[in-house]
Amino acid sequence: MKVFSTLTKAPGAALLAATLALPLPALSDDRPEITVAVQDIVTSGALDVMRERSNVGARVFYSIFESLIDFERQNSDLPQKPMLATDWRQVDDLTVELTLREGVVFHNGDTLDADDVVFTVRHGSGERGS
């Protein structure tokens with residue numbers, strides 16, 4: 001065989017060829033059975049970021065939702081970083097003024113605006129309406 005004869009001329013090729021020629025060990029049918037438990041993705045029964053309190057859910061939501069302001073988790077001081085809000089300032093104890101990132105479009109084509117933020121904050125607080 002031409003390929004085999006070429007391989008045997010290279011250093012270590014005989015060892016490689018001998019290893020490849022060995023039969024693979026048979027897998028035993030008496031291997032132990034292992035059960036791995038994973039927490040539900042959500043504990044609230046819905047993918048509602050405002051109601052969810054599970055560790056797994058908190059990790060998954062970053063793939064689905066984007067927040068106004070987040071934290072730089074690679075920095076031990078956890079400084080805030082802009083997300084959907086590009087700038088913000090705390091006006092008083094109950095008021096934060098946000099500048100929203102321009103050009104954010106939802107999956108349905110609607111553009112993000114202040115009404116969307118108000119709706120989300122009211123939903124999270126349990127308040128209904130716009």
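The values are calculated or read from the model by the stated rules, or taken from the named source; none is laboratory data. Since we're looking at a predicted model, the values are computed, not measured. For neighbour counting, all protein chains shown are included, and Cβ atoms are generated from backbone atoms with ideal geometry for every residue, glycine included. To get the accessible areas, we keep the full protein, side chains included, count just its heavy atoms, and leave off ligands, DNA and RNA. Shrake-Rupley method; radii C 1.70, N 1.55, O 1.52, S 1.80 Å.
Values for this structure:
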quantity	calculated
Accessible-area composition of the stretch 54-127, carbon plus sulfur, in percent [1.4 Å probe]	51 percent
Placed amide H near ARG101: partners under 5 Å, 5+ positions off or other chain	ALA85, THR86
For the stretch 67-130, accessible area per residue (1.4 Å probe, heavy atoms of protein chains only), Å²	80 Å²
Cα→Cβ-extended label distance, 7 Å offset, between THR120 and VAL105, nm	1.8 nm
Euclidean distance of C-alpha centroids, the stretch 70-86 and the stretch 90-130, integer Å	19 Å
